[in-house]
Structure formats: structure tokens, C-alpha cells
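Novice: Have a look at the structure that comes next, please.
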Amino acid sequence: MDILGYITIAAQQRAADLFIIAGAPCSMRMDKTIRQLDDQKLLPNDTELLIKELYKLAGRDMDRFCRTWDDDFSFAVPGLARFRVNTYRQRGSLAAVIRVVSFTIPDWKQMHILPQIMELSKLTNGMVLVTGAADSGKSTTLACLIDEINKTRSCHIITLEDPIEYLHRDRMSIISQREMTIDTATFPTALRACLRQSPDVIQLGEMRDMETIRAAMTAAETGHLLLTTLHTRSAVSTIDRIIDTFPAEQQEQIRIQLCSVLHTVICQQLLPSKQGKLVPAFEIMHMNKAIASLIRDRKIHQIDNTIASGAAEGMISMDQYILNLYQAGEIDRDTAVRFARNQEQLARKLNA
């Protein structure tokens, strides 16, 4: 089967990812389960041919890949879907993981995104962080927020992505979508240029390093709404990651700056439901005077207690959200305990 045949099956089956790796059959991920498309193991020659077909289908040359043996890009097949691709080498052979992305922006209600998260689309300044492990749905949450802004406000939205996943069409807003290496060089370069492009809302694909974090905080500080992601698993680890990225002599200033620009941290993960699907679980932290004081006083470890007691302000801890899912019959007991931050404490609550 050629590459178009494989990606067609993946799109029609609504798979999350397609795997092309020598030594194993072509496989796809569906609801966190890996399923083989057939019984035929791919040989190195097979994967090389498939990946060359992939580049041809995307209309992209292989120069960057041949220099670095890693490449990221996206492309669309009309009438089928969009695809986000990562190509790489493993054991001396070529390999690829292909993410299937729908042409349409998902409906936030069907994705079980909380209404209080969607309310963040009304913000006009500050920084909103969507965090979580890889494949936890961060890009989908961001896409839903951008789509909501696009449908309800007249503004200029600039997205900086690597690569572009969801395509947004202008509605009430004007949207500029820029892809790294194709439309601009790097995230920091794009962020600095972005401030001269009259943005109202900036979506930054990921805060990967100190230079990008600094540029992002500056953009949020100058009166823009900035939405971005981090690969962290909790609000506390998100704050720690940002501060620890900087040298010790700069961290005090970063604490003060972070308190002034950060509005909300949303941490999410996907849990297997009783229905065999994936359901999101969220932790939400809004910056308030108590949390700002804890950050400035280097008592970040106490933020969890503030989140747990902040329901009136729209905050919720991950374990409380998981407990709510269990009590609503969405997930079973084993899943609740396995995905909890404090497994022993949640197990005691379930036993009680």
C-alpha cells in the first residue's frame, strides 16, 4: 500500500497518529491503543519509499531532513484531512509519525472543555498557559479558544506554530498563521516581529527555551493576550519550570514579572473513559493575590492548597476533577487512582 492509502485509512478510522517504522507493520493510535493496519512488517526499503512518497505528497523537499535526520511539517489532502508529520531516523532507517488533524475546529462542548476555560476567550491581555504531557489535547484546547475569539471578537490574531495544525478561517477576526522555517525563522524572532504587526491575540506554539519565554512575557506585558503551551504536568511545575529556566541572578525579577503577566494555567490530561473513549481532566489555576504572594516569597509548593480552596474563583485541582469524573460515572476506580497526582489520598477518598 502506498502512503496515500495508509493516511486515508487513518483519517477514515479517526486515528490520532499513524506510525511508519521499520521492523513493525504500519500502525495507528486510536484512543491510546496501538492497532496494526496489516500483518506485513515494513522493511527499511519500505519505510524509505513511503517517506519519500510523503514528502512528494506534501510538496516538500528532503534537504532539511537529510541534514539533521529530524523534520517537522504539515500538509493537507483535499477532502480528507490535514496531517502533522515528524520524520526521523531510527536504527539507521527512516521513520515517521503522522498526526491526523481534522479540517474543522472541534466543538468545545463535544471535546468536554469546561465553560470556564472558554470564558478565557474574553480576556484582552495577559498570559494563558495550557500545559500537559504530549498528546494531552493542548493544541485542541488552544484551537477552540482561538476559534471562539474568532467568532465573537473583531481583532487581529497571530499564531506562531511549528508546524501549523488547525487552519482558521477569518470570521469576525483577521488571522495570520505563521509556520516556523517556512514563514519565519524562530519563535523569538517571530515574537519580536509580531509586536510590530498590530496583534490583539498571539498564539505561541510552545515556550521551549529562555529566549522564547522572555519574549512571550514581554509580549503579554505590553498589553496583548498571549496563549501558549508548556510540557508540564501541574500548575506548580509550570511556575517552577519558567523560573528555573533563567539564571539565579535573574529569577527574582522573573518572579515579579510572572506575577504581573500570568492570568491562568490550565493543566490537562486525557483519561480512558468507561465508554472506551478519552475524556479530559483539567487543573485550573488563576493568578490572585495569594498565589502571587507565594510566587514572590518562593513558596510555590503551597500553591496546590490555594488551588484546592479556590473553587469560588473558578479554580480546581486535578485530583478533584478526577474525583468528579469518577462520581459522574465517566471513569472507573482504577483509572481515577492511576491518573491522580496524590494516588494514596484519592484512594482514601474513594474508599470513604
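Only the coordinates and a few stated rules stand behind these numbers; no lab work does. What you see is a predicted model, and the numbers here were worked out from it, not measured in a lab. Don't worry about glycine lacking a Cβ; one is built from the backbone with ideal geometry, like all the others, and counts go over all protein chains shown.
Novice: Would you please report the Å³ per residue occupied by the convex hull of the alpha carbon atoms in region 259-329? Kindly include the intermediate steps, with their values, before the conclusion.
Specialist: On the way: hull volume 6.1 nm³, N = 71.
Cα convex hull per residue, to the nearest whole number: 87 Å³.
Novice: Using alpha carbons only, what's the Rg to Rh ratio of region 42-187 with Rh from Kirkwood? Working shown, then result.
Specialist: Working: Rg = 17.4 Å, Rh = 17.1 Å.
The Rg/Rh ratio comes out at 1.02.
Novice: Peptides 334-340, 323-329, 243-249, 211-217: what's the order by average Cβ count within 10 Å, highest mean first? Mind dumping the intermediate values first?
Specialist: Details: 334-340: 17.4, 323-329: 14.4, 243-249: 12.7, 211-217: 20.9.
The peptides rank, most packed first, as 211-217, 334-340, 323-329, 243-249.
Novice: Determine, for 146, 266, the number of other Cβ atoms within 10 Å of each Cβ, and report the residues in order from fewest to most. Before the final figure, lay out the partial values.
Specialist: Values: 146 22, 266 27.
Ordered by Cβ neighbours within 10 Å, fewest first: 146, 266.
Novice: Here is a further query. So what's the gap between the Cα centers of region 58-93 and region 258-325, to the nearest angstrom?
Specialist: Comparing the Cα centres of region 58-93 and region 258-325, I get a distance of 36 Å.
Novice: Another question about this same structure. Can you give me the angle between helix 138-152 and the longest principal axis of the chain, using Cα atoms only, in degrees from 0 to 90, rounded to the nearest 10?
Specialist: Taking the Cα atoms of the chain, the angle to 138-152 is about 70 degrees.
Novice: Within region 167-196, report the trypsin sites (Lys or Arg not before Pro) that DSSP leaves as loop and that have at most 11 other Cβ atoms within 10 Å. Each step should come with its number before you reach the end.
Specialist: Working: sites: 169, 171, 178, 192, 196; in loops: 169, 171, 196.
In loop regions of region 167-196 (DSSP not H, G, I, E or B), the sparsely surrounded trypsin sites (Lys or Arg not before Pro) are 169, 196.
Novice: Kirkwood Rh over Cα pairs of region 200-257 into Stokes-Einstein at 25 °C, 0.890 mPa s: D in µm²/s? Before the final figure, lay out each step's value.
Specialist: Details: Rh = 11.9 Å.
Result for D is 206 µm²/s.
Novice: What would the Debye equation give as log₁₀ I(q)/I(0) for the chain at q = 0.07, 0.08, 0.11 Å⁻¹, counting only Cα atoms as equal point scatterers?
Specialist: -0.33, -0.43, -0.82
Novice: So if each residue of separation counts as 0.36 nm, and I subtract the Cα-Cα distance between residue 210 and residue 102, what length gain in nm does that give?
Specialist: Values: separation 108, 0.36 × 108 = 38.88 nm, distance 3.23 nm.
Using 0.36 nm per residue and subtracting the Cα-Cα distance, I get 35.6 nm.
Novice: Where the eigenvalues come from the Cα gyration tensor of region 163-210, what are the semi-axes √(5λ) of the equivalent ellipsoid, largest first, in whole Å?
Specialist: Details: eigenvalues 70, 36, 20 Å².
For region 163-210, the semi-axes come out at 19, 13, 10 Å.
Novice: Now for a separate question. Hey, how much of the P(r) for region 115-316 falls beyond 25 Å, as a percent of Cα pairs? Provide the component values of the computation, followed by the final result.
Specialist: Values: 6982 of 20301 pairs.
I get 34 percent for the Cα pairs in region 115-316 exceeding 25 Å.
Novice: Could you name the lysines whose alpha carbon sits less than 28 Å from that of residue 56, not counting residues in the same chain fewer than 8 places away?
Specialist: Straight-distance partners of residue 56: 41.
Novice: Cα gyration tensor of region 3-101, axes a ≥ b ≥ c as square roots of the eigenvalues: rounded (a/c below 1.5), prolate (a/b > b/c) or oblate? Don't skip to the end; give the middle numbers.
Specialist: Numbers: a/c = 1.74, a/b = 1.14, b/c = 1.52.
Verdict is oblate for region 3-101.
Novice: Also, quick follow-up: Ranked from highest to lowest mean number of other Cβ atoms within 10 Å per residue, what is the order of the peptides 290-298, 37-45? Walk me through the numbers on the way to the answer.
Specialist: Details: 290-298: 15.9, 37-45: 13.2.
Top of the packing list down: 290-298, 37-45.
Novice: At q = 0.18, 0.22 Å⁻¹, what log₁₀ I(q)/I(0) does a Debye calculation on the Cα points of region 177-295 give, no solvent, two decimals?
Specialist: One equal scatterer on each Cα of region 177-295 leads to -1.00, -1.31.
Novice: Now a separate question. By DSSP, what percent of the beta bridges with both residues in the chain are antiparallel, rounded to the nearest 5?
Specialist: On the way: 39 of 65 bridges.
The answer is about 60 percent antiparallel.
Novice: What is the spin-label model distance, in nm, from residue 333 to residue 111 if the labels are put 7 Å beyond Cα along the C-beta direction?
Specialist: Between residue 333 and residue 111, the simple spin-label model gives 3.4 nm.
Novice: Quick check: the angle from helix 318-327's long axis to the longest principal axis of the chain, C-alpha only, nearest 10 degrees?
Specialist: So the inclination is approximately 70 degrees.
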